[in-house]
1. Does GLU93 satisfy the criteria of being closer than 19 Å to TRP51 by Cα and either of a type in the set (Phe, Trp, Tyr) or in contact with a His (Cβ under 7 Å, 6 or more places away or on another chain) (or both)?
2. So SER40 clears everything in (1) polar (S, T, N, Q); (2) under 21 Å from CYS126 (Cβ atoms); (3) outside any strand (DSSP E or B) except one condition, right? Which one?
3. In the stretch 103-120, which residue that is within 19 Å of TRP51 (Cβ to Cβ) and in contact (Cβ under 8 Å) with a residue 40 or more places away in the chain is surrounded by the fewest Cβ atoms within 10 Å (Cβ to Cβ)?
4. State all residues of the stretch 41-80 that are closer than 16 Å to GLU112 by Cβ and free of Cβ contacts under 8 Å to residues at least 12 places away in the same chain; if no residue qualifies, say none.
5. Test LEU49 against the stated conditions and say whether it is surrounded by 20 or more Cβ atoms within 10 Å (Cβ to Cβ) and not charged (D, E, K, R).
6. Might you let me know whether the stretch 125-138 holds any residue that is among the aliphatic types (A, V, I, L, M), surrounded by fewer than 21 Cβ atoms within 10 Å (Cβ to Cβ) and free of Cβ contacts under 8 Å to residues at least 60 places away in the same chain?
7. Go through the stretch 41-57 and report how many residues are among the small types (Gly, Ala, Ser) and closer than 15 Å to ALA143 by Cα.
8. Of the numbered conditions (1) modelled with pLDDT of 80 or more; (2) small (Gly, Ala, Ser); (3) not in a strand (DSSP E or B), GLY17 satisfies every one except a single condition; which is it?
Amino acid sequence: MIWAAVVGLVAAAGPVGPAAPALATPSHCFEATCDNVALSGTDCATNQLVWDDFVVGSGIAIQLMYSPGCHAFWGEVQEPSGGVYGILFAIPEYGGSEQILESGLVTGVALETHMWNSAGHSVKLCRNTVSATDPGDTNIPTAQCTGWR
């Protein structure tokens, strides 16, 4: 009688099949684990802020972005015709030389840099026709930068 009740419960529940696959969840990084990581595939954009931006003209803009949840920043350069570089610069918190964290050529409409740890840096994003050159230092009229943050 007990066996019949157990069989009846199993039959009522239906056959047990394989579990449905779990949906992919974005990964989370924080500070140094965000260094040189692509924004896509992380959850850092869910609380993104625009730290600074500069609109040059129709469809041409640069934005320095920040994620408080990840303590990371990245840059976005929009240039419909392409042919310019997006360059992320940093200066260590307690002084030191300006360094390039990343420089990439905009080949389509936009370039999104990788993310970088925001702790201990002042950063700015530039667009320039010359790679690896800070237009603030060379006064190139065809290039612009966000402010240091």
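1. On the way: closer than 19 Å to TRP51 by Cα: yes; either of a type in the set (Phe, Trp, Tyr) or in contact with a His (Cβ under 7 Å, 6 or more places away or on another chain) (or both): yes.
Criteria met by GLU93.
2. (2)
3. Looking at the filtered set, the residue picked out is ALA119.
4. Selection gives nothing.
5. Values: surrounded by 20 or more Cβ atoms within 10 Å (Cβ to Cβ): no; not charged (D, E, K, R): yes.
Taking the combined requirement at face value, the residue does not satisfy it.
6. Just the residues of the stretch 125-138 that are among the aliphatic types (A, V, I, L, M), to begin with: 125, 130, 132.
If we keep only those that are surrounded by fewer than 21 Cβ atoms within 10 Å (Cβ to Cβ) too, we end up with 130, 132.
Within this subset, residues satisfying the condition of being free of Cβ contacts under 8 Å to residues at least 60 places away in the same chain are 130, 132.
Yes, the stretch 125-138 contains a residue that is among the aliphatic types (A, V, I, L, M), surrounded by fewer than 21 Cβ atoms within 10 Å (Cβ to Cβ) and free of Cβ contacts under 8 Å to residues at least 60 places away in the same chain.
7. Initial filter on the stretch 41-57 (among the small types (Gly, Ala, Ser)): 41, 45, 57.
Those still in the list that are closer than 15 Å to ALA143 by Cα too: 57.
Of the residues in the stretch 41-57, 1 are among the small types (Gly, Ala, Ser) and closer than 15 Å to ALA143 by Cα.
8. GLY17 satisfies all of (1) modelled with pLDDT of 80 or more; (2) small (Gly, Ala, Ser); (3) not in a strand (DSSP E or B) except (1).
The values are calculated or read from the model by the stated rules, or taken from the named source; none is laboratory data. Here the structure is a predicted model, which is why all the values come from computation and not from measurement. As a convention, Cβ positions derive from the backbone with ideal geometry for all residues, glycine included, and neighbour counts pool all protein chains shown.
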